[in-house]
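Let me begin by presenting the structure, written as structure tokens, before commenting on it.
Derivation of every value follows stated rules applied to the coordinates shown; laboratory data play no part. If you're wondering where the values come from, they're calculated on a predicted model, not measured in any experiment. Here the Cβ positions follow ideal geometry from the backbone for every residue, glycine too, while neighbour counts run over all protein chains shown.
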Amino acid sequence: MLIKDIMTKNPITIETNMTVSEAEKVLSINKIGRLVVVDDGKIVGILTDGDLISNHHIKGKINDYMSKNVITIKESDTVQKAARLLSDNQIGGMPVINKNNKLVGIVTADDIVFGYMKDGEELEVEKKNINPESAAIYLSMTRSREYEEYWLEKIKGYGYKGAITQTGANSEKLPVKLRESTTVAAIARGVIAENSREKSAVSNAVKDAYIQLALINPGLGGGFKIAVVRGPEYISVAIFGKFGHALVDGHEQLSIGTSVI
């Protein structure tokens, strides 16, 4: 599946001279979480609701709050590549450009999951595009029980076993909670056997994924959905959710970890 098949076309854009107050209205009215910022038709930034969440200078210019290091993807690229870029750069969405580097759309983490359904009909995905990492990504980013069951069944068709769980904890307990809940879910779903070798494989994959999260948000706890998928030779874990603290939730984060069985 290609990005052009799942992206939102003709995304809403704003310019750098717009105020924070004006940008908040655009986000609210259109019920979206991010805006592409342009200057003379060129992409110069991304502004998310998270960028504005603690900002009280409503007359300030968005140029001071937007992310200027913009990651883009081409409409002819694959969904798998998009999932990788979102994960590697810890972002929730990115602009889509055509072969002439013109803005043609925007793709988000939700699009990657729900784009596989159009008007209730499944869009087929070639087997070669689904590996344990991408299967874990899709599974972890589901937002309803219906889509959880959809992906749990779908990955069986590729010869994989999968499990999903949710957990939340403060920064001190989070690494242990992630490891424990994932291991329990993996055993319950028959993804791994209840022995030290296979439990260690899951634990190592969770540790790998958690380190990525902790590098971006050291010292914060949060609530996450964790998916574990077993392929022929290794286990992949994807962690998706929000870091947070007593005052405010942070950005949604996605990380991946793998371990040889």
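Below are the figures for this structure:
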read-out	value
Antiparallel bridge percentage (DSSP; both residues within the chain; nearest 5)	90 percent
Shape category assigned to region 3-113 from the gyration tensor of Cα positions, a/c cut at 1.5	prolate
Sum of -39500 (n - 2.57) over DSSP H runs of 4+, divided by residues of the chain (222 nm, nearest 500)	-10500 deg cm²/dmol
Most positive-pole-ward Cα, Ala185, Met1, Gly241, against dipole of the chain from beta carbon charges	Ala185
Exceeding the 18 Å Cα-Cα cut-off - candidates Lys74/Lys154; Lys156/Lys207; Lys177/Lys199; Lys4/Lys161	Lys74/Lys154; Lys156/Lys207; Lys4/Lys161
Segment Gln166-Ile29, extension gain: residue separation times 0.36 nm, minus the distance between their alpha carbons	46.2 nm
Förster radius 25 Å - calculated FRET efficiency between Asp5 and Lys42 (Cβ-Cβ, nearest 0.05)	0.45
Cα gyration tensor category, rounded, prolate or oblate, for the chain with a/c compared to 1.5	oblate
Kyte-Doolittle mean at least -0.5, axial Cα span of 20 Å or more - DSSP H helices of the chain	174-188, 196-216
Local electrostatic count at Val184 - Lys and Arg +1, Asp and Glu -1, tallied over other residues with Cβ under 11 Å	+2
Theoretical FRET efficiency, 1/(1+(r/R0)^6), r = Cβ-Cβ of Asp64 and Lys207, R0 45 Å, to 0.05	0.75
Cα-centred dipole magnitude for the chain, charges only on beta-carbon of K, R (+1) and D, E (-1), debye, nearest 20	360 debye
Sites Asn101 and Arg189, calculated FRET efficiency, Cβ-Cβ separation with R0 45 Å, nearest 0.05	0.50
Sites matching GluC sites (Glu not before Pro) across region 148-219 that sit in DSSP coil, with at most 12 neighbouring C-beta atoms within 10 Å	Glu172, Glu194
